[in-house]
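The values are calculated or read from the model by the stated rules, or taken from the named source; none is laboratory data. What you see is a predicted model, and the numbers here were worked out from it, not measured in a lab. Glycine also receives a Cβ, built like all others from the backbone with ideal geometry; neighbour counts cover every protein chain displayed.
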Amino acid sequence: LKYRAGVHKSAAIDKSARIAKSAHIGANVVIGKGVRIGSDCVIGAGCVIGNDTLIGPATLLYPNVTVYHGCRIGERCIVHSGAVIGSDGFGLAKDEGVWKKIPQIGGVTIGDDVEIGANTTIDRGALDDTRIGNGSKLDNQIQIAHNVCIGEHTAIAACVGIAGSAKIGSHCALGGASMIYGHITIGDNISVSAGTLIMRSLDEPGTYTGVFPFSNHQRWLKNATHLRQLDELVKRVRTLEGRLGKSENE
């Protein structure tokens, strides 16, 4: 698609914002104080860009993207409709039995050549920024929690959830609906199969799978029941092995 440079008459732009002459600003866009928008950017209709946000040259925001205050988006990025960048991280603390909100004063920093799918959310950091590395590709409906760091050229499929302060390396691939525990590190060149829950750090390159295989429902129920008894089964096998060893020695 080609967009004509210029600002739609319905756009609401703060006087302190700086927008390159070659940029396209669509209908009903809202741009806050101190925003900087680079050359050849396209800001689609209905986008909202918060105060002091920087958007690098040739970046495309499709209609109805929301970028909160204090975020940084690099060059040649693509952000699809409904994405939210810089919303508050899920920071809470209990005080006398009541959950109290912890202010999230970090931001979001997105590198160059990053693509972010529709309705994906990237939360701002509690103190430091949440970071997405150069060349990484995020599918639709992904949740990136506060202070997550994702390396360069990592691909993340739809419906993945990454909990707070997790670190994902470069050249990784996370399959659809996989889940990453908070405060762990996944090294470079690691792939995670769809639907897998990762609860500890990984440093050896390779593919990791943790999905229970599907089958006929009744068979699945029987297998699930056996899984719950594995610990007892191991104990029984060890006991039998011990008895067998004694009988062989007699």
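Worth a mention:
- Where HIS24 falls short, out of the listed (1) buried (at least 17 other Cβ atoms within 10 Å of the Cβ); (2) out of contact with any strand residue (DSSP E or B) (no Cβ under 7 Å at 6 or more places or on another chain); (3) over 27 Å from ILE142 (Cα atoms): (2)
- Check on VAL42, surrounded by fewer than 20 Cβ atoms within 10 Å (Cβ to Cβ), in contact with a Phe, Trp or Tyr (Cβ under 8 Å, 6 or more places away or on another chain) and assigned by TED's automatic domain parsing to the domain that holds GLY182: no
- Just one of the numbered conditions (1) within 29 Å of HIS69 (Cβ to Cβ); (2) surrounded by fewer than 18 Cβ atoms within 10 Å (Cβ to Cβ) is not true of VAL160: (2).
- For the stretch 71-83, the condition of being without any contact (Cβ under 8 Å) to a residue 60 or more places away in the chain, under 26 Å from LEU1 (Cα atoms) and in contact with a Phe, Trp or Tyr (Cβ under 6 Å, 6 or more places away or on another chain) holds for at least one residue.
- Residues in the stretch 33-55 include none that are within 24 Å of ALA163 (Cα to Cα) and without any contact (Cβ under 8 Å) to a residue 24 or more places away in the chain.
Residues checked against (1) assigned to a loop (DSSP other than H, G, I, E, B); (2) closer than 30 Å to GLY89 by Cα; (3) in the same structural domain as ILE102 (by TED's automatic domain parsing):
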residue: HIS171; (1), (2), (3): yes, yes, yes
residue: ALA177; (1), (2), (3): yes, yes, yes
residue: SER191; (1), (2), (3): no, yes, yes
residue: ALA194; (1), (2), (3): yes, yes, yes
residue: ARG200; (1), (2), (3): yes, yes, yes
residue: GLU204; (1), (2), (3): yes, yes, yes
residue: ASN223; (1), (2), (3): no, no, no
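- Matching residues, the stretch 53-83, being in contact with a Leu (Cβ under 8 Å, 6 or more places away or on another chain) and surrounded by fewer than 20 Cβ atoms within 10 Å (Cβ to Cβ): ILE78
- Evaluation of SER178 against the conditions (1) closer than 17 Å to ILE116 by Cβ; (2) in contact with a Ser or Thr (Cβ under 6 Å, 6 or more places away or on another chain) shows that the sole unmet condition is (1).
- The residues listed here are ALA93, ALA118; of these, the one that is within 19 Å of ALA158 (Cα to Cα) and either in a loop (DSSP other than H, G, I, E, B) or over 16 Å from the mean Cα position of the chain (by Cα) (or both) is ALA118.
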